[in-house]
Each structure stands twice: as structure tokens, then as C-alpha cells.
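Okay, so here's the structure we're looking at.
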Amino acid sequence: MTLSRRSVIVSALAGTATVALPGLTPAVAATPSAAAASPVGDVVGKITVGYQGWFACKGDGAPINSWWHWSRNAGTPPSPSNTTIASWPDMKEYTHSYPTAYGNLGNGQQASLFSSWDQQTVDTHFRWMRENNCDTAALQRFNPFGDEGPTRDAMAAKVRQSAEAYGRKFYIMYDVTSWTSMQSEIKQDWTSKMKAYTASGAYAKQNGKPVVCIWGFGFSDPGRPFEPAPCLDVVNWFKDQGCYVIGGVPTHWRAGTDDSRPGFSDVYHAFNMISPWMVGRISNVSQADQFLRDLNTPDLADCAAHGIDYQPCVIPGDLQSRARAHGDLMWRQFYNLVGIKVQGFYISMFDEFNEGNQIAKTAETTADVPSGSGILPLDEDGTHCSSDYYLRLTADGGRMLKGQLALTAVRPTVPSPTGGGGTQPTGDLALRKPATASSSTQNYGPGNAVDGNSGSYWESANNAFPQWVQIDLGATTAVKRLVLALPPDAAWATRTQTVAVLGSTNGSAFTTLVAAAGRTFDPATGNSTTVTLPAAVDTRYVRLQFTANTGWPAGQLANVSVYAT
């Protein structure tokens, strides 16, 4: 590779940042923000996902002892005539499930659902967060003084356990909906119960302070009838407790119109961070662009003027309303908001199967939803999407927020890494797994080799062979075949890299799985090469060792895919 080639790559990626959006002037699309109010912490500069954790089933042992949030009549199993379900979860990774009164799935299997009460469910969700770089979970906490209280109390403990186990952060998000005695009881609940969780190393901190979110102040609906004075009192009380306080506020908070009550400006500006609600507000790319112009950009400016961090909400779209456009709606929001340099994202939601805007693993095809239910799977528009697609899309949005992926209007996330209707276990074992390297040049880090984006790549230090890049598959597993690739752009001249494949079960003692040999990368044939092991080998760490490159004096790799067959 010549030096001019690198210049072409860098300028092409940087050029995506100035792409004008339809319906927007280039000046609006490229407007920079003022300096952020706060440095990077557990919410600023990070991806936060809303976590309901509010599903229960009869027989799961939860104190609430009902089909909590699955059925309208929670005393009986969900069915087509007794349901609150908008989307059906992909149930393959849950070890406990509970039969419903729906008909069988399209594949003939019994239609069963998970319970959030099972620790394995919460562990599974937080493992997915870790695998897809969701940094922080906002645990929803509704009025804990009613019948739901004991179950919600226990869910907080379960979330803490999973967050600690999987290296994620969490914080308490109070939802004041229908909480009549909110002003006094929210303080009591924090002091007597929830504050204790801040002792956990997994509890989110921002500016060195424990994070608390209060969702619902200022909304103009009967469920949140509070006046400004008690709301301001609560915000200031939490700040006096040493907390960093986020406001989950109405969409039109700044104007005090539409979904916002007038007279709440002082309440809104008392928050350390503002996160306006978005669910149900947009359903297509054009509306996302309109929101950028009319709401997000001036919202960010107002927050900057008041020293407040801005964390807009990003939604995948209501699946049942066919709003997702196989990821285009969500990616447009990521692109728009990174372009104006927001301080973080709040993904709504992780597990909201009641509203159809969940990013957790979801039924892929009609074979995975109850027959005749009318519930739409992810392939509703004809594009097959793997069950984890919106998790992977979130991971890429987070990488773009953090500067690990260049700002690009073109969605880099493939809907299905398996290339069809296959399930994830037969897919790429290396996709978005932790990657390390002997060295890297500039921002061409090892994570680029496992991000699923063929346009990004890892490059080692120059003129310093040997070099290596290594992937942690997460557990010892059978490995039989690897596909190595460089960017498919024809501007990359054909080159041969000398590569060996090494493996290890512990990350320290490596053995050679495939001896060093010349691997040719030719743009005319996809710029990729396949390395097949003589026989499947059980390994956890896969290391690719580079000792020569005819095109540039460094190891280079845009993608490594690892397969069991």
C-alpha cells in the first residue's frame, strides 16, 4: 500500500461527515456543538439502554405471582385475546421458559416466554449488553410502594448481580407515572433502599457522582399531574445527596408545549443531563431528519448554554408498525446525532416487548412467532435480520459515538452475518468479540477487524514484523475455518501477506494451528482469503501472526471471521 492510498482512505471516511441530509441544509447537518458540560463517564460518551426487567410468569417464584406485563389479565397466560405483547422474543438462549396460551410457533414448537425473575434471564441480557458494547443499563423503577414493590426490589438486586458479573454499569431510573405521593416517597425509597446500590463498583458514576434519573416531570398528561415546585424540590434534593441527576423529559421540554406542561423551565434546567422522550414520535428517516433540525439541534444548544449534558433518545422503531426499515431508521438517528456531537445516547428500550421497540434478541421469521398471532418478526419487510441485529446496530452506533468508527450515513451493520436464515451459533464466532494486537497505527485498532464493517481495518506498526492480532471468542469452542479480508475497495492493490494461525485455551500458551504461508488478497475476488484447519480444534483465543506483506510493511486486516465448520 502506498502512502497516497492511506490518504485516499482517510479522506473518504472523513468526507462522510459533511454529507448533507435530505431536507436539511449542509450548515444544519454539520453544525458543531459547544464543548460538553461533563467529561466522559458512565453516561457521558456512552451508550445507555433502558432496562424494564418487568416480565414475570406464573410459577416463576416472583412475589407478584402473575403474568406481569405479558397479559392484560395477568392472572391467566397470554393469548391472542389476552396480551400486551407487541413483539416476540427469540427464546433460544433462555434456560427457563413458561408455556403460554398462544398456539404453537410456526416451527411447531410450544409458544413460551421468559421471566425477568429468573437470574439466568438477567444474566443473558447483560451478557448481550457486554457482547454488543452497551455500556450502562437504566433500571426502570416505578412506584415501589404498591403491589409491585417486592418484585421490583428484588429485580434491583438481580440487575446488580448481573452488572457486576458482566462488567456493565447500571443506575436507578425512577418513573413517576401515577405515583401520587412521589415527592416524599421517592426520597424515602432512595434513602432506605436504592442508595445502598451505589456502593457497588457497577453502579454508574458521572463526574464522580452516583447517577439517578427521574422520568416524567413536566409531561402534560393525567398520569403525571405534578406542579413545578414539588418536582424542583425532588431534583434539588437528589443533587444535595451528591447525585448526578438525569431528567427524562417531554419531547417539547424546551418550548413547554405539546407534550410538555408550561412553567417547567426551571425544573428542566435544574437537571445535570436532559434526555427527551422519543418513542412514538418518529417512524421514518424523513421524520428523524426533521427532529434533527427542529428539536435535537436547538435542544443541544440550549443545554450547552445552561451547562447541561444532552442525551437524546434513539429508537429502533415500532416493529409491529413496520417502522424499522431493517435498521435504516435507527442508523439515521445515530448518524444525525453523532454529527451534532451529542453527549451520549439513551436507547429505548432494551427489553420493551410490549411496545415493539426492543433491541434484545427478537424472533427472526414467522417460524419463530406464534402461528396466526399477527405478531411481526424481524423480516417483516422481506429483509432477513438475525435476532441480534439491533444489538449489533447499537454496538456500531456506539462505536461511531466514541470515534472508533468514522461518521457515516451508510449503515455498516449487515442485517444477517450468517447470510440467510441460519441462527447465530453457526455464524461468525469472532464478530464483535474482544480483540487485541501487538501494536496499532493511528486509529486503525484491532477492534476494526471484528466489527463487521469491511471498510474499517487494523494495521500494525510499520517495519516491525512479526505482528499479531488476537480475538477472544469468550469460551473454548471448536474452530475449523477462518476468513480473512481487507477492504474490498479496488484501490487496494493485490498483496500477499504471510500469516500463521495460533490458538490458546488460556491466552498465554499458544500452539500453531496453521503454519505461516502466503495469503493472497485480490480486490478482483473480494479481497479475502479462507484458511481451513486440517481438523476442528477447541480453542478460545485465536491469534493471527503476520510476518510479511508485499503491499505495505505492516500487518493489515479488515475482518476476520471464525467458524466452527
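Using a 1.4 Å probe over the heavy atoms of the protein chains, calculate the carbon and sulfur portion of the accessible area of segment 93-197 as a whole percent. Walk me through the intermediate numbers first.
Working: 1730 of 3950 Å².
C and S fraction of accessible area: 44 percent.
Sort VAL410, VAL450 by accessible area with a 1.4 Å probe, largest first. Display every interim value, and only then the final one.
Working: VAL410 105, VAL450 5 Å².
Largest to smallest exposure gives the sequence VAL410, VAL450.
State, as an integer percentage, the relative contact order of the chain based on alpha-carbon contacts under 8 Å between residues 6 or more apart.
Numbers: 1289 pairs, mean separation 78.0, N = 565.
Result for the chain is 14 percent.
Could you tell me what a quarter of the Cα convex hull surface of segment 292-366 works out to, in nm² with one decimal place? Working shown, then result.
Values: hull surface 22.5 nm².
It is 5.6 nm².
Could you tell me which of rounded, prolate or oblate describes segment 87-178, using a ≥ b ≥ c as the square roots of the eigenvalues of the alpha-carbon gyration tensor, with rounded for a/c under 1.5 and, failing that, prolate when a/b is larger than b/c and oblate otherwise? Mind dumping the intermediate values first?
Working: a/c = 2.27, a/b = 1.35, b/c = 1.68.
It comes out oblate by the Cα gyration axes.
Rounding to the nearest 10 and keeping the result within 0 to 90°, find how far the Cα-based axis of helix 149-165 lies from the longest principal axis of the chain.
Once rounded, the angle reads 20 degrees.
For segment 54-99, rounded, prolate or oblate, judged on the Cα gyration tensor with a ≥ b ≥ c (square roots of eigenvalues), a/c < 1.5 rounded, else prolate if a/b > b/c? Don't skip to the end; give the middle numbers.
Values: a/c = 1.96, a/b = 1.07, b/c = 1.83.
It is oblate, given that a/c is not under 1.5 and a/b is not larger than b/c.
Report Rg(Cα)/(2.2 N^0.38 Å) for segment 430-514, keeping two decimals. Could the numbers behind the result be given before it?
Values: Rg = 13.4 Å, N = 85, 2.2 N^0.38 = 11.9 Å.
Against the empirical 2.2 N^0.38 Å value, I get 1.13 for segment 430-514.
Give me the distance between the Cα centres of segment 82-149 and segment 298-337, rounded to whole Å.
25
Which net charge results when you count Lys and Arg as +1 and Asp and Glu as -1 among the other residues whose beta-carbon is under 14 Å from that of ASN284?
Numbers: positive: ARG281, ARG322, ARG324, ARG332; negative: ASP289, ASP318, ASP328, ASP381.
Computed value for this residue: 0.
Hey, got the dipole for the chain? About the Cα centre, +1 on K and R Cβ, -1 on D and E Cβ, debye to the nearest 20? List each step's numbers first, then the result.
Values: 42 positive and 46 negative charges, 283 e Å.
Dipole size: approximately 1360 debye.
How large, in percent, is the carbon and sulfur part of the accessible surface of segment 312-396 at a probe radius of 1.4 Å? Write down the numbers at each step before the final one.
On the way: 810 of 1770 Å².
Roughly 46 percent, rounded to a whole number.
Where both partners of a DSSP beta bridge lie in the chain, what percent of those bridges are antiparallel, to the nearest 5? Working shown, then result.
On the way: 49 of 80 bridges.
In the chain, approximately 60 percent of DSSP beta bridges are antiparallel ones.
Let me know the shape class of segment 282-428, please: from the alpha-carbon gyration tensor, a ≥ b ≥ c as square roots of the eigenvalues, rounded when a/c is under 1.5, otherwise prolate if a/b is greater than b/c, or oblate.
Numbers: a/c = 2.39, a/b = 1.76, b/c = 1.36.
It is prolate, given that a/c is not under 1.5 and a/b is the larger ratio.
What figure in square angstrom, to the nearest 10, would you give for the accessible area of ARG141 with a 1.4 Å probe?
ARG141 has an accessible surface of roughly 10 Å² with all protein chains in place.
Over all directions, how big on average is the projection of the convex hull of the alpha-carbon atoms in segment 220-350, in square nanometres?
On the way: hull surface 33.6 nm².
Over every viewing direction, the Cα hull of segment 220-350 projects on average to 8.4 nm².
Of the listed pairs LYS169/LYS361; LYS205/LYS341; LYS361/LYS433; LYS158/LYS433; LYS193/LYS239; LYS58/LYS205, which have alpha-carbon separations greater than 29 Å here? Intermediate results must be reported in sequence, preceding the final value.
Values: LYS169/LYS361 20 Å; LYS205/LYS341 21 Å; LYS361/LYS433 17 Å; LYS158/LYS433 25 Å; LYS193/LYS239 18 Å; LYS58/LYS205 36 Å.
Cα-Cα > 29 Å for LYS58/LYS205; rest within.
Can you tell me the orientation of helix 228-240 relative to the chain, as the angle in degrees between its alpha-carbon axis and the longest Cα principal axis, to the nearest 10?
Helix 228-240 sits roughly 50 degrees off the main axis of the chain.
Taking only DSSP H segments of four or more residues, each worth -39500 (n - 2.57), what value at 222 nm results for the chain once the sum is divided by all its residues, to the nearest 500 deg cm²/dmol?
Numbers: 11 runs with 116 residues, N = 565.
It lands at -6000 deg cm²/dmol.
Between GLN161 and GLN188, what's the calculated FRET efficiency when r is the beta-carbon distance and R0 is 25 Å? Round to 0.05.
Working: r = 24 Å, r/R0 = 0.98.
With R0 = 25 Å, the Cβ-Cβ based efficiency is 0.55.
Roughly how many Å² of LYS341 are accessible to a 1.4 Å probe, to the nearest 10?
The accessible area comes out at roughly 110 Å².
Counting only the heavy atoms of the protein chains, how much of ASP489 is accessible to a 1.4 Å probe, in Å² to the nearest 10?
Per-residue accessible area (ASP489): approximately 80 Å².
Place +1 on the Cβ of every Lys and Arg and -1 on the Cβ of every Asp and Glu in the chain, take the dipole about the Cα centre, and give the residue among GLY518, TYR94, GLY427 whose Cα lies farthest towards its positive end.
GLY518
Just reorder ARG224, ARG127, ARG281 by solvent-accessible area, largest first, 1.4 Å probe, all chains present. Could you put the intermediate results ahead of the total?
Numbers: ARG224 30, ARG127 60, ARG281 85 Å².
The ordering from most to least exposed comes out as ARG281, ARG127, ARG224.
I'd like the orientation of helix 3-15 relative to the chain: the angle between its Cα long axis and the longest Cα principal axis, in ° from 0 to 90, rounded to 10.
Roughly 20 degrees between the two axes.
Which chymotrypsin sites (Phe, Trp or Tyr not before Pro) in segment 252-328 pass both tests, a DSSP loop state and at most 13 other beta-carbon atoms within 10 Å? Intermediate results must be reported in sequence, preceding the final value.
Numbers: sites: TRP253, PHE264, TYR268, PHE271, TRP277, PHE291, TYR310; in loops: TRP253, PHE264, PHE271, TRP277.
The qualifying sites: there are none.
Could you go through segment 314-329 in sequence order and give the Karplus-derived ³J(HN,Hα) for each residue, using 6.51 cos²θ - 1.76 cosθ + 1.60 with θ = phi - 60°, rounded to whole Hz, and x for Gly and Pro?
Per residue, the Karplus-derived 3J(HN,Hα) values read 10, 10, x, x, 6, 4, 5, 8, 6, 8, 6, 6, 5, x, 5, 4 Hz.
Over segment 349-406, what is the mean sequence separation of C-alpha contacts under 8 Å (at least six apart), divided by residue count, expressed as relative contact order in percent?
Details: 57 pairs, mean separation 16.0, N = 58.
For segment 349-406, the relative contact order is 28 percent.
Once every Cα of the chain carries one equal point scatterer and solvent is ignored, give the base-10 log of I(q)/I(0) from the Debye formula at q = 0.10 Å⁻¹, two decimals.
Calculated log10 I(q)/I(0) at the listed q: -0.88.
Give me the 1.4 Å probe accessible area per residue for the chain, excluding ligands and nucleic acids, in Å².
That works out to 36 Å² for each residue.
The values are calculated or read from the model by the stated rules, or taken from the named source; none is laboratory data. Because the structure is predicted, anything quoted here is derived from the model rather than measured. Every residue, glycine as well, gets a Cβ built from its backbone with ideal geometry; the counts of neighbours run over all protein chains shown. Each accessible area value is taken on the protein alone, full model and side chains, heavy atoms only, with ligands, DNA and RNA left out. Shrake-Rupley method; radii C 1.70, N 1.55, O 1.52, S 1.80 Å.
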